[in-house]
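The values are calculated or read from the model by the stated rules, or taken from the named source; none is laboratory data. Nothing here was measured: the structure is a model prediction, and the numbers come from that model. Here the Cβ positions follow ideal geometry from the backbone for every residue, glycine too, while neighbour counts run over all protein chains shown. The area values use the complete protein model at the heavy-atom level, side chains included, leaving out ligands, DNA and RNA. Shrake-Rupley method; radii C 1.70, N 1.55, O 1.52, S 1.80 Å.
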Amino acid sequence: MVKVGGRLVREGGIPEGILSDLEALSKDWSIIFVHGGADLVTEVAQRMGKEQKFIVSPDGMRSRYTDRETMEIYTMVMAGKVNKQLVASLQARGIKALGLSGADGMLLKAERKKKLVVLDDRGRRIAIDGGYTGKIKEVDSGLIRSLLEAGYLPVVAPIAIDDEYNLLNVDSDRAAAYLAGALKASLLVYCTDVEGVILDGKLVERLSSFEAEEELPRIGHGMKRKVYAALEALSMGVREVVITYGLGEKPVTSALHHEAGTLITP
Amino acid sequence: MKKASCPECGAEIEVLDDVIVGEIVSCPDCGLELEVVEVEGERVKVKVLQVSGEDWGE
């Protein structure tokens, strides 16, 4: 399972190192690709005149506020522009890529958030309507397994569907974790724009789940999301998670051989 | 200070005068998180806060 963050896919494709790495690895491995693309959603929304609102949780996590109109733009960009550009880049390397969102085939079922707790301008906690975000509660791994067996490399956009058939914005790190967990993946690699988990200015090469949990308060918010997701993936049966720099040469192979990034184990 | 009553343990809760609907307060006795649903004069109505964890999408 390979997840590539929005900052790496924003220029209209996958970094060259990841592409050639996947080209080589896909001959021997079953690979699933999950992508982000949040920055592109913001960019397109702004071009369409829809200013994006960002909210801050009491823990300091910053997120997009997904109202109905934003969800429409989010779907256009994530399941359209980003997903299909990635599929095209992979196909140009001879990889049988197939793009889909978590709503297709009910791959990712989620529960819509009723309320979110945010900090207002006064720094006080307020409960607001949850908008179109959700928490994944079920994965139909059968669909992904059939695609893998047929030789496809599924490229999954972080969109889920709820019981009332609403499309929901779900965190792509979490989407990758749940998919990896449902498939009991041997490895989940988060390709990011940093080397891995950095503590006291140094890369942490290895963490157990227990150590990762202990260090969470010292980890910055962007990375904290990935570490949370990694811990969830491990608790669902994934064997190893590596958070690594996705712009170098062979980032996935290096993660596979524990030669780069931060390795998190159960 | 305005006053509210905890729906769970009945304790009286003091709430800041500039409280607004949607704001979250904690019960000093049972620690429960409560959401303000109405502000009427000195009385504030609250209900038990129901939210899921922090997973707000991309």
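Here are the numbers for the structure shown:
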read-out	value
Members of the stretch B:1-26 that are away from every other protein chain (no Cβ under 14 Å) and not in a strand (DSSP E or B)	B:MET1, B:CYS6, B:PRO7, B:GLU8, B:CYS9, B:GLY10, B:ALA11
Filter pass, A:SER30 being open to solvent by less than 10 Å² (accessible area, probe 1.4 Å) and either out of contact with any Phe, Trp or Tyr (no Cβ under 9 Å at 6 or more places or on another chain) or in a strand (DSSP E or B) (or both)	no
Residue check for A:SER89: open to solvent by less than 10 Å² (accessible area, probe 1.4 Å) and either within 22 Å of A:VAL9 (Cβ to Cβ) or not charged (D, E, K, R) (or both)	no
Qualifying residues in the stretch A:103-118 (those that are assigned to a strand (DSSP E or B) and open to solvent by 40 Å² or more (accessible area, probe 1.4 Å)) - the one farthest from the other protein chains (Cβ to nearest Cβ)	A:LYS109
Residues located in the stretch B:1-34, provided they are surrounded by fewer than 13 Cβ atoms within 10 Å (Cβ to Cβ) and either under 30 Å from A:ALA177 (Cβ atoms) or of a type in the set (Gly, Ala, Ser) (or both)	B:GLY10, B:GLY31
Scan of the stretch B:35-58 for residues that are facing chain A (nearest Cβ under 10 Å) and open to solvent by less than 70 Å² (accessible area, probe 1.4 Å), ordered by number	B:GLU35, B:VAL36, B:VAL37, B:LEU49, B:VAL51, B:SER52, B:GLY53, B:GLU54, B:ASP55, B:TRP56, B:GLY57, B:GLU58
Out of A:ILE198, A:ILE264, sole residue that is over 26 Å from A:GLN91 (Cα atoms), out of contact with any strand residue (DSSP E or B) (no Cβ under 7 Å at 6 or more places or on another chain) and at pLDDT 95 or above	A:ILE198
